[in-house]
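A short write-up of the structure that comes next.
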Amino acid sequence: MTRLPRFTTKVLAQAVAAVLLLGAAAIAASEARAQPREPYVRFSRLLPLQLAAPAAARAGQALPGLSIRLQNPGDEAPAARLRIIVHDKTHGQSHRELSPDNVKVEVQERGGWSPVLLEIVDGGVMGAVGEEDSTEHRERHRRGGFAIGAGFDRRWPLRVTFAYPGTYTIVVAVSPDNGSRHLAQPVFADVEVR
């Protein structure tokens, strides 16, 4: 086997490295062009989100006066879902694991109440309000949801019923992609249920 001079081997190694680097850069640029840009990447601000909730309620009765308001004073935002999460803040012997059997959430649409189906997550329950005018909201993990156009201003009246007394935290977030990104700062309210 013929040995190449050391200078030639070094130059050859540098040339191979340069070709590999250029190839990797070309592939990365191609992939970046192929990925669709999410519309909310342009947003430098979060949308205004408000949660109105009474401080106290009775077990077994719908929480009165609960509502969520989302506004979009700017350009169109991506379709999203309202994510509603409920946690039990009570500690000690009276603490209960929440489940769809002991927490019920409904949203008012089309003049009636549509159920928001819940699932157990992190010691609490979670549901999502998605497509408008749905007979029931069961798509908790799906991307998208209701449209948030420029000038959007919507209020969702909610009914939340707790089966047991305790102190509960209701958290509301707006997410286009199952909670990885948020279009509004999540808001919360604590409710004492007797």
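Observations
- Label-zone membership for segment 103-131, site Ser180, 7 angstrom Cα→C-beta point, backbone N under 11 Å: none
- Label point of Ala55 set 7 angstrom out along Cα-Cβ; within segment 151-194, amide nitrogens under 18 Å from it belong to 166-170, 188-194.
- Applied to segment 150-156, the Karplus parametrisation 6.51 cos²θ - 1.76 cosθ + 1.60 on θ = phi - 60° returns per-residue 3J(HN,Hα) values of 4, x, 4, 8, 9, 10, 10 Hz, with x for Gly and Pro.
- Shown here: segment 64-104, whose C-alpha atoms stretch 49, 21, 18 Å along the first, second and third principal axes, sorted largest to smallest.
- Sites matching trypsin sites (Lys or Arg not before Pro) across segment 64-120 that sit in DSSP coil, with at most 10 neighbouring C-beta atoms within 10 Å: Arg110
- Arg69-Arg110 pseudo-label distance in nm [points 7 Å out on the Cα-to-Cβ vector]: 2.7 nm
- FRET efficiency for Ala62 and Ala150, using Cβ-Cβ distance with R0 set to 30 Å, rounded to 0.05: 0.30
Computed from the coordinates by the stated procedures, all read-outs in this text should not be read as laboratory data. Please read these numbers as outputs of a predicted model, since none were measured by experiment. Positions of Cβ are backbone-derived with ideal geometry, glycine not excepted, and every protein chain shown enters the neighbour counts.
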